[in-house]
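> Structure incoming, see below.
The values are calculated or read from the model by the stated rules, or taken from the named source; none is laboratory data. Because the structure is a prediction, the values reported are computed rather than measured. Positions of Cβ are backbone-derived with ideal geometry, glycine not excepted, and every protein chain shown enters the neighbour counts. Heads up: the accessible areas ignore ligands, DNA and RNA and are worked out on the full protein's heavy atoms, side chains in. Shrake-Rupley method; radii C 1.70, N 1.55, O 1.52, S 1.80 Å.
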Amino acid sequence: TVGEQARLLAEGSDAQPIEFTAWNLETGWAGLRFVNSGDDDTLSYCRISYARKDAGLTPHDIVPPTVSNADSLGGAIYCEASDPIVENCVIANNAGERAGAIYCVDSYPLIMNTVIANNASLGGDPQCGGILCDESGAPGIWNCTIVNNFPGGIFTNSWETMSVTNTILWGNDRYQIQ
């Protein structure tokens, strides 16, 4: 978790991207969590794959198990009161309860020149395989390709206006943008 007193600066290159992935692709890993981290976090030329929220990474012998929103809602990236920059990335093959790729609440991330593909939402309401903006906040989405996500590409139930510019949405299961 990247929090109030932390900063994540992951800057790869086109030739040498930074890989965030699981050792065991079936089990997955917990993904990236930005909670109250502000606007100084950057993911540039990164590949984020095989995050599986609720992937068995928390002890299940505690009855009942305690699972926070950050541990279940967004597969690859969870943003709460955080505004990271995600640019020139590939976010693929991730799964979460409400959002497979990116879940935002009270956040304003900038997502630019990024491919978001083959992600899935596994339950909860609402559901979106690509980018889900819940309650408040609004990501800026520019020059992205959002494809083959289940059940959809972009979903917002925020009262704030989301900006989607020069972005391709296609082949998402039930809807492209809602």
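> What FRET efficiency would be calculated for the residue pair residue 85, residue 135, taking the C-beta separation as r and a Förster radius of 25 Å, to the nearest 0.05? Before the final figure, lay out the partial values.
Working: r = 22 Å, r/R0 = 0.87.
So the FRET efficiency works out to roughly 0.70.
> Next up: Scanning the chain for chymotrypsin sites (Phe, Trp or Tyr not before Pro) in DSSP loops with at most 10 other Cβ atoms within 10 Å, what's the longest stretch left with none? If you can, show how the numbers build up before the last one.
On the way: sites that count: 23, 159.
In short, 24-158.
> Rounded, prolate or oblate for the chain? Axes are the square roots of the Cα gyration tensor eigenvalues, ordered a ≥ b ≥ c, and the cut-off for rounded is a/c under 1.5.
rounded
> Run the numbers for residue 21 and residue 42: contour at 0.36 nm per residue of separation, minus the present Cα-Cα distance, in nm.
On the way: separation 21, 0.36 × 21 = 7.56 nm, distance 1.73 nm.
Result: 5.8 nm gained on full extension.
> Per residue, what accessible area does the chain have, given a 1.4 Å probe and all protein chains present, in Å²? Write down the numbers at each step before the final one.
Details: 8350 Å² over 178 residues.
Heavy-atom accessible area per residue stands at 47 Å².
> Amide H to amide H, which residues 5 or more places from residue 29 or on other chains are under 5 Å from it, using H placed in the peptide plane?
51, 52
> Loop sites only, by DSSP: take the GluC sites (Glu not before Pro) in the chain that have at most 16 other C-beta atoms within 10 Å and name the longest stretch containing none of them.
Working: sites that count: 4, 26, 160.
With a cap of 16 other Cβ atoms within 10 Å, the longest stretch comes to 27-159.
> State the percentage of accessible surface on the chain attributable to carbon and sulfur atoms; use a 1.4 Å probe and exclude ligands, DNA and RNA. Let's see the in-between values first.
On the way: 4140 of 8350 Å².
Solvent-exposed carbon and sulfur of the chain make up 50 percent of the total.
> Ok, one more. Got the relative contact order for the stretch 127-178 handy, in percent, Cα pairs under 8 Å and 6 or more residues apart?
Details: 123 pairs, mean separation 21.9, N = 52.
Relative CO of the stretch 127-178 lands at 42 percent.
> If each residue of separation counts as 0.36 nm, what is the full-extension length gain between residue 7 and residue 163 once their alpha-carbon separation is subtracted?
Numbers: separation 156, 0.36 × 156 = 56.16 nm, distance 2.52 nm.
So the chain would gain 53.6 nm between residue 7 and residue 163.
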